[in-house]
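Enquirer: I'd like to ask some things about the structure below.
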Amino acid sequence: MNLKGSHTYKAPVDAVLAMLRDPDTTVAKYESLNHHDVKILECKESRGVLRIRSSRVVDVDLPGFAKRVLKPTNTMLQTDEWRMRADGSWEGTFDVAVQGAPIHIFGTMTLKPEGGKTTHDVAVSVNVKVPIIGGRIADWAGKNDVRRSLDGEFAFNARWLARHQTRAATG
């Protein structure tokens, strides 16, 4: 299952990167999605690569056909890596391992500066390694929880940037 999302923030790319570099903001973002036990395992920038590793527990309301092979509560280990391009945009990858489950979520992301705004594009792939119903579970996850999480992250980021842009302008 593959899906894409895009959002344009009313903030320059430097502000978006400042948000991404802040571990407390990453925790708040996941908590806003009702994830819990959020931990930042790594958040550092070295040699032009921004790397963020996190762990969180996610509760999912599984459809009946998936309950035989999946648990409704899972620990997700996520690694995001961002790199600056020569044109001032940023590109990245993310990888989400669901502990103890045959699910793998991964994809690519870009941040493109556009005249004081930033467009954030994300492409997500969901693989479920379960015979017969794996594709059906991946399709369900992509259209439901993965889509909700992606849209929720875009919304959180936009709110956070709007609040912090306002503070910077008035402070």
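Here, each number is a calculation from the coordinates, and none is a lab measurement. Just so you know, these numbers come straight off a predicted model, no measurement behind them. Don't worry about glycine lacking a Cβ; one is built from the backbone with ideal geometry, like all the others, and counts go over all protein chains shown.
Enquirer: Pop a pseudo-label 7 angstrom from the Cα along the beta-carbon direction at both Glu114 and Asp14 and give the gap in nm to one decimal.
Expert: Taking the simple label geometry, Glu114 and Asp14 are separated by 2.1 nm.
Enquirer: Which entries of Lys71/Lys143; Lys39/Lys112; Lys4/Lys143 have Cα-Cα distances beyond 21 Å here?
Expert: Pairs exceeding the cut-off: Lys39/Lys112.
Enquirer: Quick check on packing: order 82-88, 158-164 by the mean number of other C-beta atoms within 10 Å, highest mean leading.
Expert: My ranking of the peptides, most packed first, is 158-164, 82-88.
Enquirer: Mind checking the dipole of the chain: about its Cα centre, +1 per Lys or Arg Cβ, -1 per Asp or Glu Cβ, Debye to the nearest 20?
Expert: Dipole size: approximately 180 debye.
Enquirer: Related question: On full extension of the chain, what length is gained from Asn2 through Ala97, given 0.36 nm per residue of separation minus the C-alpha to C-alpha distance?
Expert: 32.6 nm
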